[in-house]
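The values are calculated or read from the model by the stated rules, or taken from the named source; none is laboratory data. Quantities reported herein were computed from a predicted structural model and do not represent experimental measurements. Ideal geometry is used to build each Cβ from the backbone, glycine not excepted, and the neighbour counts take in all protein chains shown. Surface accessibility is based on the protein's heavy atoms, side chains included, excluding ligands, DNA and RNA. Shrake-Rupley method; radii C 1.70, N 1.55, O 1.52, S 1.80 Å.
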Amino acid sequence: MPQRTLLFVLFDGVQSLDVTGPLEVFNGAETHTPGTYRIRTASLDGGPVRTSSGLTLVPDEALGEAPDPHTLLVPGGQGTRGSDPLLTEWLRTHGPRARRLVSVCTGAILLAEAGLLDGRRVTTHWAYCEKLARDHPALEVDPDPIYVRDGHVSTSAGVTSGIDLALALVEEDLGRQAALVIARHLVVFLRRPGNQAQFSAQLAAQTAQRDPLREVQQWITEHPAGDLTVEALAARASLSPRHFARAFQAETGMTPGRFVDRVRLEHARRLLEDTGDGIEEISRACGYGTPEAMRRAFVRALGTAPAEYRRRFRPASAH
(Lines give C-alpha, C1' and ligand atoms only; values in the text may rest on other atoms or scores of the structure.)
Protein backbone atom coordinates (compact mmCIF):
# COMPACT_ATOMS: atom_id res chain seq x y z
CA MET A 1 0.00 0.00 0.00
CA PRO A 2 1.43 3.42 -0.90
CA GLN A 3 2.10 5.78 2.00
CA ARG A 4 -0.90 7.97 2.80
CA THR A 5 -0.48 11.54 4.00
CA LEU A 6 -2.79 12.49 6.87
CA LEU A 7 -3.23 16.19 7.57
CA PHE A 8 -4.66 17.35 10.91
CA VAL A 9 -6.02 20.91 10.81
CA LEU A 10 -5.20 22.92 13.96
CA PHE A 11 -6.74 26.17 15.18
CA ASP A 12 -7.13 28.10 18.42
CA GLY A 13 -9.80 26.59 20.64
CA VAL A 14 -9.42 23.09 19.19
CA GLN A 15 -10.35 20.17 21.47
CA SER A 16 -7.03 18.48 22.24
CA LEU A 17 -8.43 14.94 22.40
CA ASP A 18 -10.05 15.38 18.98
CA VAL A 19 -6.51 15.76 17.65
CA THR A 20 -4.44 13.46 19.85
CA GLY A 21 -6.92 10.56 20.01
CA PRO A 22 -7.03 9.84 16.25
CA LEU A 23 -3.38 10.87 15.87
CA GLU A 24 -2.28 8.20 18.36
CA VAL A 25 -4.31 5.60 16.46
CA PHE A 26 -2.70 6.45 13.12
CA ASN A 27 0.73 6.74 14.69
CA GLY A 28 0.21 3.29 16.19
CA ALA A 29 -0.66 2.01 12.73
CA GLU A 30 2.52 3.55 11.32
CA THR A 31 4.54 1.86 14.07
CA HIS A 32 2.80 -1.45 13.36
CA THR A 33 3.27 -1.17 9.59
CA PRO A 34 6.02 1.34 8.78
CA GLY A 35 5.48 3.37 5.65
CA THR A 36 1.71 3.33 5.95
CA TYR A 37 1.04 6.90 7.05
CA ARG A 38 2.79 10.24 6.91
CA ILE A 39 1.19 12.34 9.64
CA ARG A 40 1.27 16.13 9.41
CA THR A 41 -0.30 18.90 11.47
CA ALA A 42 -0.87 22.43 10.20
CA SER A 43 -2.42 25.72 11.30
CA LEU A 44 -3.32 28.68 9.13
CA ASP A 45 -0.05 30.54 9.72
CA GLY A 46 2.05 27.64 10.95
CA GLY A 47 2.13 29.07 14.45
CA PRO A 48 1.26 27.31 17.73
CA VAL A 49 -2.39 27.01 18.70
CA ARG A 50 -3.91 26.94 22.15
CA THR A 51 -6.47 24.20 22.76
CA SER A 52 -9.72 24.70 24.63
CA SER A 53 -8.10 23.13 27.71
CA GLY A 54 -5.09 25.45 27.58
CA LEU A 55 -2.63 22.99 26.04
CA THR A 56 -0.38 24.45 23.33
CA LEU A 57 0.11 22.46 20.14
CA VAL A 58 2.93 23.25 17.73
CA PRO A 59 2.08 22.32 14.12
CA ASP A 60 4.50 21.04 11.53
CA GLU A 61 3.72 23.76 9.02
CA ALA A 62 1.28 26.32 7.69
CA LEU A 63 -1.76 25.09 5.81
CA GLY A 64 -0.61 26.96 2.72
CA GLU A 65 2.60 24.90 2.69
CA ALA A 66 1.00 21.54 3.45
CA PRO A 67 0.84 18.89 0.74
CA ASP A 68 -2.56 17.79 -0.57
CA PRO A 69 -3.38 14.93 1.81
CA HIS A 70 -4.93 11.56 1.23
CA THR A 71 -6.94 12.04 4.44
CA LEU A 72 -7.87 15.48 5.74
CA LEU A 73 -8.93 15.41 9.39
CA VAL A 74 -10.74 18.37 10.95
CA PRO A 75 -11.15 18.25 14.75
CA GLY A 76 -13.72 20.13 16.78
CA GLY A 77 -13.73 22.31 19.85
CA GLN A 78 -14.74 25.76 20.94
CA GLY A 79 -12.82 27.25 18.03
CA THR A 80 -15.38 25.90 15.56
CA ARG A 81 -17.89 28.45 16.81
CA GLY A 82 -17.21 31.72 15.02
CA SER A 83 -14.50 30.15 12.87
CA ASP A 84 -11.90 32.08 10.88
CA PRO A 85 -13.15 32.87 7.33
CA LEU A 86 -9.64 32.17 6.03
CA LEU A 87 -9.82 28.64 7.43
CA THR A 88 -13.24 28.12 5.87
CA GLU A 89 -11.91 29.28 2.52
CA TRP A 90 -8.88 26.99 2.77
CA LEU A 91 -11.15 24.02 3.50
CA ARG A 92 -13.47 24.95 0.62
CA THR A 93 -10.52 25.02 -1.78
CA HIS A 94 -8.45 22.11 -0.54
CA GLY A 95 -11.07 19.79 0.96
CA PRO A 96 -12.26 18.43 -2.42
CA ARG A 97 -8.69 17.38 -3.23
CA ALA A 98 -8.53 14.90 -0.33
CA ARG A 99 -9.37 11.26 -0.93
CA ARG A 100 -10.96 11.08 2.53
CA LEU A 101 -12.58 13.85 4.56
CA VAL A 102 -12.86 13.20 8.29
CA SER A 103 -14.30 15.30 11.09
CA VAL A 104 -14.26 14.73 14.82
CA CYS A 105 -16.95 16.24 17.03
CA THR A 106 -17.84 19.79 15.90
CA GLY A 107 -15.24 19.68 13.16
CA ALA A 108 -18.31 18.83 11.07
CA ILE A 109 -19.40 22.45 11.51
CA LEU A 110 -16.25 23.64 9.74
CA LEU A 111 -16.71 21.16 6.89
CA ALA A 112 -20.36 22.19 6.56
CA GLU A 113 -19.48 25.88 6.46
CA ALA A 114 -17.06 25.10 3.65
CA GLY A 115 -19.86 23.37 1.71
CA LEU A 116 -18.16 19.97 1.88
CA LEU A 117 -21.02 18.06 3.51
CA ASP A 118 -23.98 19.07 1.34
CA GLY A 119 -26.19 16.10 0.52
CA ARG A 120 -24.36 13.88 3.00
CA ARG A 121 -25.57 11.94 6.03
CA VAL A 122 -23.46 13.16 8.94
CA THR A 123 -23.23 13.34 12.70
CA THR A 124 -21.51 15.48 15.32
CA HIS A 125 -21.53 15.88 19.09
CA TRP A 126 -25.09 15.35 20.31
CA ALA A 127 -25.24 18.85 21.79
CA TYR A 128 -24.71 20.44 18.34
CA CYS A 129 -26.71 18.15 16.05
CA GLU A 130 -29.79 20.35 16.14
CA LYS A 131 -27.77 23.48 15.37
CA LEU A 132 -25.92 21.76 12.53
CA ALA A 133 -29.20 20.61 10.97
CA ARG A 134 -30.80 24.04 11.40
CA ASP A 135 -27.85 25.99 9.98
CA HIS A 136 -27.23 23.58 7.09
CA PRO A 137 -30.53 22.13 5.79
CA ALA A 138 -28.74 20.44 2.87
CA LEU A 139 -27.29 17.94 5.36
CA GLU A 140 -28.97 14.84 6.78
CA VAL A 141 -27.88 15.06 10.43
CA ASP A 142 -28.21 11.84 12.43
CA PRO A 143 -27.80 12.52 16.18
CA ASP A 144 -27.60 8.88 17.27
CA PRO A 145 -24.46 7.14 15.89
CA ILE A 146 -20.94 7.59 17.22
CA TYR A 147 -19.76 7.97 13.64
CA VAL A 148 -21.20 8.01 10.14
CA ARG A 149 -19.45 7.12 6.89
CA ASP A 150 -21.00 8.42 3.68
CA GLY A 151 -18.81 7.77 0.69
CA HIS A 152 -15.40 9.37 1.20
CA VAL A 153 -16.75 11.57 4.03
CA SER A 154 -16.65 10.36 7.64
CA THR A 155 -18.01 12.33 10.59
CA SER A 156 -17.90 11.37 14.25
CA ALA A 157 -19.59 12.39 17.46
CA GLY A 158 -17.91 13.85 20.53
CA VAL A 159 -14.24 13.46 21.46
CA THR A 160 -13.54 9.74 22.12
CA SER A 161 -15.65 8.64 19.14
CA GLY A 162 -12.84 10.05 16.98
CA ILE A 163 -10.74 7.12 18.22
CA ASP A 164 -13.45 4.68 17.13
CA LEU A 165 -13.59 6.26 13.69
CA ALA A 166 -9.79 6.28 13.35
CA LEU A 167 -9.68 2.58 14.24
CA ALA A 168 -12.33 1.90 11.58
CA LEU A 169 -10.23 3.72 8.99
CA VAL A 170 -7.10 1.80 10.01
CA GLU A 171 -9.09 -1.43 9.74
CA GLU A 172 -10.12 -0.39 6.22
CA ASP A 173 -6.49 0.34 5.29
CA LEU A 174 -4.59 -2.44 7.08
CA GLY A 175 -7.14 -5.04 8.14
CA ARG A 176 -8.87 -6.00 11.36
CA GLN A 177 -5.89 -7.62 13.04
CA ALA A 178 -3.79 -4.48 12.78
CA ALA A 179 -6.62 -2.39 14.21
CA LEU A 180 -7.03 -4.88 17.07
CA VAL A 181 -3.33 -4.64 17.93
CA ILE A 182 -3.54 -0.84 18.05
CA ALA A 183 -6.75 -0.91 20.11
CA ARG A 184 -5.16 -3.24 22.65
CA HIS A 185 -2.06 -1.04 22.86
CA LEU A 186 -4.25 2.01 23.54
CA VAL A 187 -6.37 -0.05 25.97
CA VAL A 188 -9.59 0.67 24.10
CA PHE A 189 -12.15 -1.74 22.69
CA LEU A 190 -12.35 -2.39 18.97
CA ARG A 191 -15.99 -3.22 19.26
CA ARG A 192 -18.00 -0.02 18.83
CA PRO A 193 -19.57 -0.02 15.37
CA GLY A 194 -20.42 3.34 13.88
CA ASN A 195 -24.13 2.85 14.38
CA GLN A 196 -23.74 2.39 18.12
CA ALA A 197 -25.69 5.12 19.87
CA GLN A 198 -23.86 8.07 21.41
CA PHE A 199 -25.67 7.23 24.66
CA SER A 200 -26.45 4.06 26.53
CA ALA A 201 -30.16 3.51 27.09
CA GLN A 202 -29.91 5.00 30.57
CA LEU A 203 -28.08 8.10 29.31
CA ALA A 204 -30.24 8.51 26.22
CA ALA A 205 -33.30 8.85 28.42
CA GLN A 206 -33.55 11.59 30.95
CA THR A 207 -33.76 10.47 34.54
CA ALA A 208 -37.33 10.72 35.73
CA GLN A 209 -38.01 13.26 38.47
CA ARG A 210 -40.41 11.17 40.51
CA ASP A 211 -39.10 8.28 42.59
CA PRO A 212 -41.61 5.68 41.32
CA LEU A 213 -40.66 6.38 37.70
CA ARG A 214 -36.92 6.35 38.46
CA GLU A 215 -37.36 3.03 40.22
CA VAL A 216 -39.19 1.65 37.19
CA GLN A 217 -36.34 2.79 34.92
CA GLN A 218 -33.84 1.00 37.15
CA TRP A 219 -35.99 -2.12 37.32
CA ILE A 220 -36.20 -2.27 33.52
CA THR A 221 -32.41 -2.14 33.15
CA GLU A 222 -31.96 -4.87 35.77
CA HIS A 223 -34.74 -7.16 34.44
CA PRO A 224 -34.76 -7.00 30.62
CA ALA A 225 -36.39 -10.43 30.47
CA GLY A 226 -39.20 -9.46 32.84
CA ASP A 227 -42.75 -8.43 32.06
CA LEU A 228 -42.14 -4.96 30.67
CA THR A 229 -45.57 -4.22 29.29
CA VAL A 230 -46.97 -0.79 30.04
CA GLU A 231 -49.58 -2.40 32.29
CA ALA A 232 -46.97 -4.25 34.37
CA LEU A 233 -44.69 -1.23 34.64
CA ALA A 234 -47.61 1.05 35.53
CA ALA A 235 -48.56 -1.31 38.35
CA ARG A 236 -45.01 -1.04 39.72
CA ALA A 237 -45.33 2.73 39.75
CA SER A 238 -48.83 2.53 41.25
CA LEU A 239 -50.26 4.48 38.33
CA SER A 240 -52.86 3.75 35.68
CA PRO A 241 -51.34 2.60 32.36
CA ARG A 242 -52.41 5.80 30.60
CA HIS A 243 -51.09 8.07 33.34
CA PHE A 244 -47.86 6.07 33.57
CA ALA A 245 -47.18 6.17 29.81
CA ARG A 246 -47.85 9.91 29.66
CA ALA A 247 -45.72 10.69 32.74
CA PHE A 248 -42.86 8.42 31.65
CA GLN A 249 -42.55 10.13 28.28
CA ALA A 250 -42.89 13.60 29.78
CA GLU A 251 -40.10 12.98 32.31
CA THR A 252 -37.69 10.81 30.29
CA GLY A 253 -38.18 12.08 26.75
CA MET A 254 -39.15 8.70 25.32
CA THR A 255 -42.02 6.25 25.53
CA PRO A 256 -41.78 3.23 27.86
CA GLY A 257 -41.69 0.95 24.83
CA ARG A 258 -38.80 2.84 23.27
CA PHE A 259 -36.84 2.72 26.52
CA VAL A 260 -37.48 -1.04 26.87
CA ASP A 261 -36.36 -1.61 23.27
CA ARG A 262 -33.08 0.25 23.87
CA VAL A 263 -32.38 -1.58 27.14
CA ARG A 264 -32.99 -5.00 25.58
CA LEU A 265 -30.89 -4.25 22.53
CA GLU A 266 -28.03 -2.89 24.62
CA HIS A 267 -28.13 -5.93 26.93
CA ALA A 268 -28.16 -8.32 23.97
CA ARG A 269 -25.19 -6.57 22.39
CA ARG A 270 -23.17 -6.87 25.59
CA LEU A 271 -23.93 -10.59 25.85
CA LEU A 272 -23.00 -11.15 22.21
CA GLU A 273 -19.73 -9.28 22.69
CA ASP A 274 -18.72 -10.58 26.12
CA THR A 275 -20.07 -14.14 26.42
CA GLY A 276 -20.23 -17.35 24.48
CA ASP A 277 -23.93 -17.82 25.21
CA GLY A 278 -26.01 -19.10 22.32
CA ILE A 279 -28.35 -16.87 20.33
CA GLU A 280 -31.44 -18.63 21.68
CA GLU A 281 -30.24 -18.27 25.27
CA ILE A 282 -29.48 -14.58 24.78
CA SER A 283 -32.84 -13.92 23.16
CA ARG A 284 -34.57 -15.32 26.25
CA ALA A 285 -32.26 -13.50 28.69
CA CYS A 286 -33.03 -10.18 27.00
CA GLY A 287 -36.78 -10.59 26.84
CA TYR A 288 -37.10 -11.23 23.11
CA GLY A 289 -38.46 -14.72 23.65
CA THR A 290 -37.28 -16.15 20.34
CA PRO A 291 -34.15 -15.79 18.19
CA GLU A 292 -36.33 -14.53 15.33
CA ALA A 293 -37.73 -11.69 17.45
CA MET A 294 -34.20 -10.69 18.44
CA ARG A 295 -33.02 -10.92 14.83
CA ARG A 296 -35.80 -8.56 13.70
CA ALA A 297 -34.87 -6.08 16.45
CA PHE A 298 -31.20 -6.14 15.43
CA VAL A 299 -31.90 -5.75 11.73
CA ARG A 300 -34.31 -2.88 12.41
CA ALA A 301 -31.93 -1.01 14.73
CA LEU A 302 -28.48 -1.98 13.45
CA GLY A 303 -28.97 -3.35 9.96
CA THR A 304 -27.33 -6.66 10.85
CA ALA A 305 -28.35 -9.99 12.39
CA PRO A 306 -27.13 -11.04 15.88
CA ALA A 307 -24.78 -13.74 14.57
CA GLU A 308 -23.13 -11.31 12.15
CA TYR A 309 -22.92 -8.67 14.88
CA ARG A 310 -21.08 -11.15 17.12
CA ARG A 311 -18.73 -12.16 14.33
CA ARG A 312 -17.77 -8.56 13.62
CA PHE A 313 -17.60 -7.06 17.08
CA ARG A 314 -16.68 -9.74 19.58
CA PRO A 315 -12.99 -9.40 20.54
CA ALA A 316 -10.80 -12.12 19.07
CA SER A 317 -9.53 -13.02 22.56
CA ALA A 318 -13.10 -13.92 23.60
CA HIS A 319 -13.50 -16.64 20.96
Checklist entry - What number of residues within segment 237-256 are surrounded by 14 or more Cβ atoms within 10 Å (Cβ to Cβ), part of a helix (DSSP H, G or I) and either touching an Asp or Glu at 6+ places or on another chain (Cβ under 6 Å) or not β-branched (Val, Ile, Thr) (or both)? => result 8
Checklist entry - With respect to the numbered conditions (1) assigned to a helix (DSSP H, G or I); (2) open to solvent by 20 Å² or more (accessible area, probe 1.4 Å); (3) without any contact (Cβ under 8 Å) to a residue 12 or more places away in the chain, which one is the sole condition not fulfilled by Asp277? => result (1)
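Assess whether Leu55 counts as being over 21 Å from Arg92 (Cβ atoms) and either more than 19 Å from the chain's Cα centre (by Cα) or polar (S, T, N, Q) (or both).
Values: over 21 Å from Arg92 (Cβ atoms): yes; either more than 19 Å from the chain's Cα centre (by Cα) or polar (S, T, N, Q) (or both): yes.
Taking the combined requirement at face value, the residue satisfies it.
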Next on the checklist: Looking only at segment 126-158, how many residues end up being open to solvent by 20 Å² or more (accessible area, probe 1.4 Å) and closer than 19 Å to Pro96 by Cα?
Outcome noted: 6
Checklist entry - Cβ-Cβ below 6 Å, separation at least six or inter-chain, first residue in segment 104-123 and surrounded by 23 or more Cβ atoms within 10 Å (Cβ to Cβ), second of a type in the set (Phe, Trp, Tyr): which pairs? => result Thr106/Tyr128
Item to check | Members of segment 38-96 found to be among the acidic types (Asp, Glu) and within 13 Å of Leu10 (Cβ to Cβ), listed by number | outcome: Asp45, Asp60, Glu61, Asp84
Checklist outcome for this item: When Pro48 is run through (1) out of contact with any Leu (no Cβ under 7 Å at 6 or more places or on another chain); (2) open to solvent by 20 Å² or more (accessible area, probe 1.4 Å), the failure sits at (1)
Item to check | Cβ-Cβ under 6 Å pairs, at least 6 apart or on other chains, segment 4-33 side on the phi > 0 side of the Ramachandran plot, far side not in a helix (DSSP H, G or I) | outcome: Gly13/Ser52; Gly13/Gly77
